[in-house]
Structure formats: structure tokens, C-alpha cells
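See below for the structure under consideration.
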Amino acid sequence: MAEGQARSGIDRWEFYGGEAADGLTEYWYPVMPSRALKRNKPVRRKLLGRNLVLVRDQGRAYALDDRCPHREVPLSMGSCEFAGHITCVYHGWTFDLASGVLKAALTDGPNSPIAGKAKVRTYPVEERAGMVFAWMGEAKPAPIEDELPEELLRPDARAYWLMRESKGNWRYASENGFDEAHNKMLHRSSPWVLFRRIPAWNETEIIKTEDRKWIARRQREMHMSDQYPGLGRWPRFNFWQRRSRTVLASNAHTVSMRLPCLLRVIQPGRGTWTHFNWYMPVQRDTYRDVVAQVRWVNGWWRRLAWWLRHKTYIWVFHRHHFLTQDMAAIAAMPDTHPERFFRPDISIAAWRRLVEDEARRPPPRTAPSVAAE
Amino acid sequence: MAEGQARSGIDRWEFYGGEAADGLTEYWYPVMPSRALKRNKPVRRKLLGRNLVLVRDQGRAYALDDRCPHREVPLSMGSCEFAGHITCVYHGWTFDLASGVLKAALTDGPNSPIAGKAKVRTYPVEERAGMVFAWMGEAKPAPIEDELPEELLRPDARAYWLMRESKGNWRYASENGFDEAHNKMLHRSSPWVLFRRIPAWNETEIIKTEDRKWIARRQREMHMSDQYPGLGRWPRFNFWQRRSRTVLASNAHTVSMRLPCLLRVIQPGRGTWTHFNWYMPVQRDTYRDVVAQVRWVNGWWRRLAWWLRHKTYIWVFHRHHFLTQDMAAIAAMPDTHPERFFRPDISIAAWRRLVEDEARRPPPRTAPSVAAE
Amino acid sequence: MAEGQARSGIDRWEFYGGEAADGLTEYWYPVMPSRALKRNKPVRRKLLGRNLVLVRDQGRAYALDDRCPHREVPLSMGSCEFAGHITCVYHGWTFDLASGVLKAALTDGPNSPIAGKAKVRTYPVEERAGMVFAWMGEAKPAPIEDELPEELLRPDARAYWLMRESKGNWRYASENGFDEAHNKMLHRSSPWVLFRRIPAWNETEIIKTEDRKWIARRQREMHMSDQYPGLGRWPRFNFWQRRSRTVLASNAHTVSMRLPCLLRVIQPGRGTWTHFNWYMPVQRDTYRDVVAQVRWVNGWWRRLAWWLRHKTYIWVFHRHHFLTQDMAAIAAMPDTHPERFFRPDISIAAWRRLVEDEARRPPPRTAPSVAAE
């Protein structure tokens, strides 16, 4: 309809521009808050193009492919008739939650020949910091402790989780998260920064953190306001705006990113807290924004203070305005997503390089994953 | 997105898995209740992928393809300007209801050269038991009395008709209707069976009825409750549940199915009535659930009692819960509908065999059906 | 699904049936009312398959492709940070409204190497008669005065503009506009003609107007009512219906059509006014009905009278019933739009011939339209 569109720079990356579009499989992903998974109430969640059914049985969480091999009706419509099992609503096929093996087809009697001869895929599940994580890979799961930020696992971590689904591919959402320059324009109108001075532009470099797990931005030079030829001075601050504490803390690695799709932003200053953000692949054109906002506090009084601060100020201004600005920009990008890079996009390029070079890939296929025993 | 999906067993059937997907053409189908087709008010209905316009003129019902050959505007937007004819709203092309021949193009004057040179396809129509039936076939229509259950045509039959459209292919809806095992699981939670004991499983065979028109299920053995190894006893009944009268009547052919897509369930016991259910093809991914619930009664008092019973108990519990469970299961099946059969699916296999072996097929094509005279 | 469908007659025209489907590019088109384009408030509008951003800056209107070349986020989400420029909301890329050249990438500082090296396409814009017009062509724009009806440009013209989007290709909407016969059937039920006698059929010829810009219908013979063999007399008038003044004026060219998609209907009699109607291509399956209803009046009293008449009688009966009948017919045509012509369709054939023979075509491609300077 329009003239020949520029191809996206993404296409130049073999893995990142190709297979990675549907998500990196060999990782742990946050699926749903632990408290929302109630005993014996199957729940359906989609991630990486797959529908999972999650079940809590005797305290433990399980995840299986959400379809009965008989007629492909979702198991999440079913029920927990027997401890440790899920039963399909349609004909009573009953699967072992741990192994996925069909233990009985109730409506065919105890001697049904199909028992033991069908199976649904199961996914390893762990719960940490109030969240259910599932391993989506084909290979043996990595230890979850190696994959989650260690500060999130500390006993004094108080995490508030938020999940929202939005239009857009997970890679564009991840790029937006780690992208430096958009903060200086897109979020300038946010009430979140009403009292802060956001610099006009920075000179930035991307480094690896010492533990080699994160890439982080480091500001070499910061320009609060500048004179643009033919245009004038930009930006103009209001008297009530303070020089941002983000700026002061800029030599700390306040913004960093790691595989598979996790952003970490350390909020500077007294009362510091950390914003973790997974950009979860749901399906090719949809991602789930999974946010954990964490502070490390002991004592009921400090916990209450953090709870209050989060449910009021942070909830309203950070979540409901700041993060929504990001979602709107990502949703407005066309699917083909042509692009033309400028200097600050070194942060996006570094992220792409990280996925291309270091992301675990699925092992070569040997056998179909849904098979009779 | 996911791993290679199993192909549906349906694909193994040449006709049932292929051409039959859009519906069997050489049959009579229920289209709309007679009372809803008012004089000179054209009505649009879709079945077997075709849009029909239905018109009542001087008491008789007619059905034609719902498109004017001139610019393809639906004739159902038109009006009855002359007895026995329908006139297109757009340019006044006027078609004979009985033959479909273009009798005049009003806006081109009485001497319009196009008159008599265009035609729309007409469909034979009959009305029985308060329902308008249309013959969708290419061949000469079969006598409608041979195709409708004779008990539905009895003068003392009091039929209540219900029509609902839902997502899903008509074949999966038909299979669900005749399928034995799902009753024992899917409907167990329905208030309709609150006071009945549904058996755990049956040993069943499929027979032909004596008139050779229906296939029917016959229970050889019934197991009210059983012990499943490693799981326990299932189901557990409540003290208020009686052994179902369905069970008692099980050697009668209470559930039977015939071409093109008609299920019959004889409700057992005193006050017996019969549930007829057509699974009407609308288009590939949509079917219409056409239900006639019939009792044979004489005298105003008995009729009133049946009316009351239907509008209260049956309406609420059978239609609005029981039948909706079926619809939800059918709608939840993926379009590709892979499957893995178990023993009770002999009823589905018998139905597929019936269609494959006995369904009338359209005659070989000789001429286009819409042609100049 | 149904039998082999007739191919549309449109397919027989090489240009009209092909490339023209998305709209004729080398023309001026009405985009939005001038008063709706407020200072420094970017507005998004789609036409001919392209999204434009419109901006008013220091009184002048500008139009550009609505996407920033950086990450393809719409510029209409942006703001006017500097006079004569638009700034992308995402990273502050700032484009000159007149040339489309990237003047600065704010978040990369004044010395950003990308400045001057990217460009978005701009569209010539003119405002006339209270409407913003954009030139959508690749070639040098024609003088807008040559393309708009001169009577619309007269200083005493009082135009009321109305825009509505509807389903359908712009060519079918244009054909419907100029089509003669549908008036005699489709609009017969409109309250707009409650007091008029619409003829049954006319003998018509299509002529070119003296200025060679319009094709117009001329009635050679008019038949108010006629006797149709086998059907009877049609139409039957009511005693309160007068012989339409349209009829009396029939030798004037009351209905005419010109490129790219503009219909003109001169309303006859005392108090005459003119209905202009553009059938704007939005995208392949959507058009925008852009209506200007114009009367030429001086003096506040006559202007008030015209305003009152338009906002009451014309608004209700012409716009909200008469024009909606056209929209419903166009929306009801299937996308494939097979057709079978009859005599009155000479008006449609003449319109197709006009586009095929006289519509300006884009110049041969030489260079990509979005390029670095």
C-alpha cells in the first residue's frame, strides 16, 4: 500500500531476528502470583505461544500443557477429583500432575486400555518471592537461584507484583526497557518526574556487571539542558524541579538488563527500592509486563510504610502513568517495525548482542515431546 | 508455535473428513420457526455456508439465495412489492418467488431487456411441526416425511423449538451429541442430574434401529461406581441421588442419531418427552443448535402442564445449563482438532461410519446453478 | 463454499479494476475540517492507505507521514516543542514541518550525527472553503483551483461539511453516487422524498459538461409510472406527492461526477443548494463519505436561514436517512463484488471509462520517497 518499507534492523540478527521472536525457551519465567493459584482451582496462562494449566495440589504448584490429548479440550476446564491428579471435564481422563501420565480414563472404567498410554507435557515449577516460575525449555532446567536476581531472593525482600498484558512483541518491549534515550523524552511529561530535572542527553557506555550476568548503562557525561542550532534551548525546567537523584547516582549501575527479558532499575536515594520488569513473551504480537517492585525492610513498621508508599504514590504515578507510556509506545509500533538507529541506540544494540551471543538455545530435537509412554 | 500437532483422526475419512466439513447438502434442514416468518417480511438465515432469504407470501414460505445478481446486494434488504415476488431494495430487480426468475427490472421500465434473463437459486421449502424446513441439495428433494422422525409429525405432538448459534464445526457438535462417555463426566455437575445417579461407565454397543434410519447406543453392562487403582472410588453419590431412570430404561434405544445431523434422546419414565437436536452447519466454524423438545399430549390441561413444565424446569436446567456445557466443550476444541480415541468413542466412530457410508452426495455437476434462462 | 462466483465486471478494466482499488494518488483530497485542526495539536488521519499527521503551526496547516523513521512510532503522538517543527514523543526526533527534514534528535544532543540525515515525506496542503486538502500524488501538485468546483470557491459560498467512515471500497461508493437507477428504488422509502413523485424509470444519456471536467446524466425521456406485464402498475403515488422538481430541471445537468471521486448534485427549484460528495479512499475496504452542502448567500439573515434549514430538515432527512441508505447498500456488497449490468448502468460504465481514460497516473518510480538528504 505504501512505498517499499525499510527492513527492520532486527532482521540482520540471525537468532534475535528469527527464532527468538516467539521467546527464549530455555529459561525460567514468572507465570502468576503464588497467592492467585488456589488449591484445586486450575488456572490457564499463555506464555511463549503455549497454553499452560497451573494447579496447586497439597501446597505444591504444577504446570502442564493445557489440552487433553483425547479431544484437545483444555484441562483448565477440568477439576481435581483425586489428590495429585487433574481430571478433564469432558470425559474424565485423569493425569498425574507430576509426570503428566494418564492414570485413568474414568468413563471407560478401571480397566481402560488407554490408561498409561497417553501423556501431556509437564513443566518444572518453582515458587520464589511470592511468584510461580515455570521452566519453558526442552533441556534440563537450570537452578532457579542462578537465574533470579539474588537480592530478590533475600528473606527481607518485600516484593509487590503487577502483571499486565499488552500488544507488541516481547523484544520491542525489552528494547524499550533498556533503551536510554526514551526516558529523556517519552517520560518527561509523566507526573513521576514532576519534581525532577531530567537531563537533555547523556554520553553513555554499556558495560557488563562484575558477575557477568547483567549489561548496564554507565553515563560518562551528562547534559542537563542544551542549545540546539536553529531551534533554541531544550529543555526548560521549572523552578520546583530538582536535579534528579538518578543523575547523582549515575555511576552506579542503576539500569541493567539480563536474560531472558529482565530489566532492573535501582531507584536512587534514601528509601531506595528496585523495579524489576520481565517482558514476557505471550505470543508473537503480545507480551506480558511482569513487574516486581521490591524493598528490603525488616520490622512491621517499615513494612507498613513500604506498603503504603507503594499502594499510593508508586502505584498511581509509576505504574499507572509512567509504565503506561511505555506500553502505548510499544503498541504503536507497526508489526514490521522498520527502524533507523541513532547514537543512544547502543543500549539496544548491546541487548541484541547479548541475546544473539549468550542466550541458551534449545537442544537439537530428538523425539516428539508429547508421546505415549 | 508449539511442537508438531497430531493430525485429527477425522482426516482419515475421505468424505467425512473432507467435503462433509461444510455440511451434507442433500437433506432437509430446519431453518426458522414458522411463526417468526411473517407475511412480506424477508428474513436472512445462513446455513451450509449459504445466505438464504426467506419470505412468506400468501401463506406459503419461500427460500432463495440472498443476493441479487445485479450488484450482489442481499434480497433480504428488499420488499414484497407484488404478490408472489420479491424486489431488490437497490434497483428494483423483481424475482418470482417460486422460480427465482427475474420478472422485471423496475427502474429500467417494462421493456427492460434483462427481464427473464437472470435468475436466483430457489430452495424447496416445507413447513412441519411449526418449523420451516429447506432442501439444500442439488438433486430432487426427498419426501420430507421420510426424513423427519414420524413421531414429530404426529398431530398430538407439542414441540418447543429453540435455536442458538455457537462456535464450532457441525461435525464436532454432532459427535458430542451422540458421544456416550461425556455424559458421565461433563454433565455430572449439571443441576439437571442433581437427583440422579449417573453411572461411572458403561459397556456399550452401537446398533441400527429396526427401521434402519437411526444408529442407537445399547448398554450391555452398567457400572454405577468403581474402584480405580491408585486413585480410589469414583464417583461418590449423595444420599439424595436416585438410581437414574435413564439407567432403568437403558435397554430401550433412548439415544439415537440419524442423518444429516439429528440426535434423539427419549427421556425415560412417567411424563416422558423427547429431545431432538439438529447440529446445523452454518459455516465451517459455526453451527446452530436446533432443539425440539416434544411431548405427545391431548387436551388443554395436559398441554398447559407440558407448557409449564417446559418453560420452567426444562428451560432452566436442561437448556440453560446442560446444553450450554456441551457448547462450551465444543467451542473450546481447537480448529485443527487433533484427537486420540479411547473405547467409548465407538459411538463417534459409528456416526462417522454412518456419514461416510450412507450420506447422500450431490449429483455430479452438469450446469451452473445460477444461469440465464 | 458456494458455486463458482461470477467475476466482477470491474476486473475487465486494467487500471480501474487494478491499481485504482487503493485510490487515485495524483489528486487533492479533503482531509479534515479546518476548524478541527487546532494550533499545536497533531491529528492523525488515514487516506489512500497512508497515515498522515496534520499539524497547524502559526496558522498554516502541514501534513507529513505519520511515522518517525527511528522506531516507526506515530508522530501524531508527539508535540510541537519548537515553532515550525514536530517532535516525536519517543526520543525527541524533531522534524521541520515544511520539508520533513530531521533538524535535531534532542536526546542525542545538539551534535547528533543523525541530524539532517533523515526525512519524512511531506504532503502539500491547502485550505479552501473551510476544509484542509492534501495532495497525495508523487508528481508536482496541480493547482488546487483547477481541481475544486469553482462554485465551491466563491466568496459567498456557505459550505457545511460532514465526514463519516463506512465499510466498502471507494469505487463502489463512487459508482453508487453516480448511478442513476438506485434513486428510483433505494431512496423511494426515504422521508426526503415523501412529498415528491420519483419517476419509475428514465431514458438517460451520459454527456460531458462544456468545461470537460464532469460527466453528467441527461434524461431524454421520463416515465413517472408504468405498467409491468404480469405484475401491475408501479409505482403508485400518494395524493400529497408532487411531481418532483428534479424532474422539471432534468435537462440541466443536475447530477455530475468528476475525478478523483467527486459527485455534485444540484438541488432544483427556489432556494437551490448543491450537494458535493467525495468518496474518499481510506483503505481497500473502507471509504470516507465527505459531504459539502453549499448555498450561495449574502447577508446575515439569509445565512441564518440556510444554517437553520441545514441543521434541521436537511440534516435529519438527507444526511441521516437518505445518505445512510447508500452506505447500507455499499456495505452489504460482498468484497468480490460480482455483478451483472442492465441498461441504466451506462452511468457506472461512463464513470469507469472516465477513470480508465483520464485519471492521472503516478510518474514512473525513480527514487525512494523516504531517503536521507
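The values are calculated or read from the model by the stated rules, or taken from the named source; none is laboratory data. The shown structure was predicted, so the numbers you read here are calculated from the model rather than taken from an experiment. Using ideal geometry, Cβ is built from the backbone for each residue, glycine included, and neighbour counts are taken over all protein chains shown.
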**Study point:** Unique match (being touching a helix residue (DSSP H, G or I) at 6+ places or on another chain (Cβ under 9 Å), modelled with pLDDT under 95 and part of a helix (DSSP H, G or I)) among B:F341, B:F322
**Key:** B:F322
Exercise for review: Go through region A:212-238 residue by residue and tally those that are more than 24 Å from C:G116 (Cα to Cα) and assigned to a loop (DSSP other than H, G, I, E, B).
Suggested key: 5
Review point. Across region B:31-59, what is the number of residues that are in contact with a Leu (Cβ under 9 Å, 6 or more places away or on another chain), more than 14 Å from chain C (Cβ to nearest Cβ) and touching a residue at least 40 places away in the same chain (Cβ under 8 Å)?
Key: 5
Practice item. Please work out if B:H275 is touching a Phe, Trp or Tyr at 6+ places or on another chain (Cβ under 8 Å), within 19 Å of B:P191 (Cα to Cα) and either among the aromatic types (F, W, Y) or away from chain A (no Cβ under 14 Å) (or both). Key: no
Review point. For B:E221, which of the numbered conditions (1) more than 10 Å from chain A (Cβ to nearest Cβ); (2) under 22 Å from B:I346 (Cα atoms) fails to hold?
Key: (1)
Point to revise | Test set (1) in contact with a helix residue (DSSP H, G or I) (Cβ under 8 Å, 6 or more places away or on another chain); (2) surrounded by fewer than 17 Cβ atoms within 10 Å (Cβ to Cβ); (3) closer than 28 Å to A:V282 by Cα; (4) more than 14 Å from every other protein chain (Cβ to nearest Cβ) - A:K167 fails condition number | key: (4)
Point to revise | Every residue from region A:97-109 that is surrounded by fewer than 24 Cβ atoms within 10 Å (Cβ to Cβ) and at the interface with chain B (Cβ under 9 Å from one of its Cβ atoms) | key: A:K103, A:G109
Study note, to complete from the structure: The condition of being farther than 17 Å from A:L262 by Cα, in contact with a strand residue (DSSP E or B) (Cβ under 9 Å, 6 or more places away or on another chain) and more than 14 Å from chain B (Cβ to nearest Cβ) holds, among A:E147, A:E151, A:E127, only for A:E127
Check your understanding: Does region A:110-120 hold any residues that are within 7 Å of another protein chain (Cβ to nearest Cβ) and of a type in the set (G, A, S), and which are they?
Key -> A:S112, A:A118
Practice item. Would you mind stating whether A:P281 is away from chain C (no Cβ under 14 Å) and either hydrophobic (A, V, I, L, M, F, W, C) or within 15 Å of the chain's Cα centre (by Cα) (or both)? Key: yes
Exercise for review: For C:R128, state whether it is basic (K, R), touching a helix residue (DSSP H, G or I) at 6+ places or on another chain (Cβ under 9 Å), at pLDDT 95 or above and more than 30 Å from C:R365 (Cβ to Cβ).
Suggested key: yes
Exercise for review: For region B:257-283, enumerate the residues that are closer than 20 Å to B:T204 by Cβ and surrounded by fewer than 23 Cβ atoms within 10 Å (Cβ to Cβ).
Suggested key: B:R258, B:L263, B:V265, B:I266, B:Q267, B:P268, B:H275
Check your understanding: What tally of residues in region C:284-300 results from selecting those that are more than 17 Å from C:N51 (Cα to Cα), in contact with an Asp or Glu (Cβ under 7 Å, 6 or more places away or on another chain) and outside any strand (DSSP E or B)?
Key -> 2
Check your understanding: Given the conditions (1) surrounded by fewer than 22 Cβ atoms within 10 Å (Cβ to Cβ); (2) farther than 30 Å from B:S76 by Cα; (3) small (G, A, S), which single one is not true for B:A159?
Key -> (2)
**Study point:** Hits in region A:336-352 (condition: surrounded by fewer than 19 Cβ atoms within 10 Å (Cβ to Cβ) and either away from chain C (no Cβ under 12 Å) or under 20 Å from the mean Cα position of the chain (by Cα) (or both))
**Key:** A:A349, A:A350
Point to revise | Residue within region A:270-283 that is in contact (Cβ under 8 Å) with a residue 40 or more places away in the chain and either assigned to a helix (DSSP H, G or I) or in contact with a Pro (Cβ under 6 Å, 6 or more places away or on another chain) (or both) present | key: yes
Check your understanding: Do we find that B:D65 is in contact with a helix residue (DSSP H, G or I) (Cβ under 9 Å, 6 or more places away or on another chain) and either of a type in the set (D, E) or modelled with pLDDT under 95 (or both) in this structure?
Key -> yes
Practice item. Starting from region C:307-336, keep only residues that are closer than 30 Å to B:P69 by Cβ, then list their pairs with residues that are modelled with pLDDT under 90 whose Cβ atoms are within a distance under 7 Å, requiring at least 6 positions of separation or different chains. Key: C:H321/C:S190; C:H321/C:P191; C:H321/C:W192; C:F322/C:S190; C:F322/C:W192; C:Q325/C:S190; C:T336/C:Q5; C:T336/C:S8
Study note, to complete from the structure: Over region B:113-158, the set of residues assigned to a strand (DSSP E or B), among the hydrophobic types (A, V, I, L, M, F, W, C) and out of contact with any Pro (no Cβ under 9 Å at 6 or more places or on another chain) is B:V125, B:A157
Exercise for review: Report the residue count in region B:179-211 for those that are part of a helix (DSSP H, G or I) and within 14 Å of chain A (Cβ to nearest Cβ).
Suggested key: 8
Practice item. Kindly indicate the residue of region A:109-156 that is of a type in the set (G, A, S) and free of Cβ contacts under 8 Å to residues at least 12 places away in the same chain and also nearest to B:E203 (Cα to Cα) among those meeting that condition. Key: A:G109
Study note, to complete from the structure: Pairs returned, first residue in region A:65-93 that is more than 7 Å from chain B (Cβ to nearest Cβ), second residue that is assigned to a helix (DSSP H, G or I), beta-carbon separation under 7 angstrom, 6 or more apart or interchain, are A:D66/A:L75; A:D66/A:S76; A:R67/A:L75; A:C68/A:L75; A:I86/A:L75; A:T87/A:L106; A:C88/A:L75
Practice item. Please work out which one of (1) within 27 Å of A:T324 (Cα to Cα); (2) at pLDDT 95 or above is the condition A:Q227 fails and give its number. Key: (1)
